[in-house]
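Visitor: Starting off with a structure, shown below.
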Amino acid sequence: MTILKRQFITDADGKPIGVILPVEEFDLVAETLEQRLTAQQTDARVRQIEAAVRDPLFLADLAETMAAFRHADSEWWEQAA
């Protein structure tokens with residue numbers, strides 16, 4: 001009978017960088033890992049959005065897009081009374 005145990009993966013300096021878990025142990029933590037990864041991805045997207053207001057390329061693209069739609073917007077949107 002094969003008994004599987006956790007196996008640690010180390011870098012060239014011997015520092016642990018990963019672990020191989022038996023499926024039964026992975027199943028115990030899978031939902032938590034998924035939630036944390038989703039939260040990390042959301043945090044990264046929020047940081048990108050926050051950085052956009054200081055990004056000259058983004059701001060230039062935004063200004064160009066707004067200028068391109070200025071005429072269409074004036075025709076299609078209701079005018080203020």
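Visitor: Return the pair list, or none, for Cβ contacts closer than 8 Å from residues in region 11-39 that are of a type outside the set (D, E, K, R) to residues that are in a helix (DSSP H, G or I), at least 6 apart or on different chains.
Guide: Hits for this filter: Leu21/Val29.
Visitor: Cβ-Cβ distance below 7 Å, separation of 6 or more or different chains: which pairs start in region 54-79 with a residue that is free of Cβ contacts under 8 Å to residues at least 40 places away in the same chain and end on one that is not charged (D, E, K, R)?
Guide: Here the result reads Phe58/Ala52, each pair linking region 54-79 to a residue that is not charged (D, E, K, R).
Visitor: Additional query: Among the residues of region 1-30, which ones are small (Gly, Ala, Ser) and not in a helix (DSSP H, G or I)? If you could, list the steps in order and put the result at the bottom.
Guide: Just the residues of region 1-30 that are small (Gly, Ala, Ser), to begin with: 12, 14, 18, 30.
Matches in region 1-30: Ala12, Gly14, Gly18.
Here is a yes/no grid of residues against (1) within 30 Å of Leu4 (Cβ to Cβ); (2) surrounded by 10 or more Cβ atoms within 10 Å (Cβ to Cβ):
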position	(1), (2)
Glu31	yes, no
Glu34	yes, yes
Leu37	yes, yes
Ala51	no, yes
Arg54	no, no
Leu57	no, no
Leu62	no, yes
Phe69	no, yes
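Visitor: Sticking with this structure for a sec: Given the conditions (1) modelled with pLDDT of 90 or more; (2) part of a loop (DSSP other than H, G, I, E, B); (3) of a type in the set (Ser, Thr, Tyr), report the number of the one that Thr42 does not fulfil.
Guide: (2)
Visitor: Would you confirm, using the coordinates I've provided, whether Leu28 is under 22 Å from the mean Cα position of the chain (by Cα) and of a type in the set (A, V, I, L, M)? Lay out the reasoning, then the answer.
Guide: Numbers: under 22 Å from the mean Cα position of the chain (by Cα): no; of a type in the set (A, V, I, L, M): yes.
For Leu28, the condition - under 22 Å from the mean Cα position of the chain (by Cα) and of a type in the set (A, V, I, L, M) - is not met.
The values are calculated or read from the model by the stated rules, or taken from the named source; none is laboratory data. Keep in mind it's a predicted model, so treat the numbers as computed, not measured. In this analysis, Cβ positions are derived from the backbone assuming ideal geometry, glycine residues included, and neighbour counts consider all displayed protein chains.
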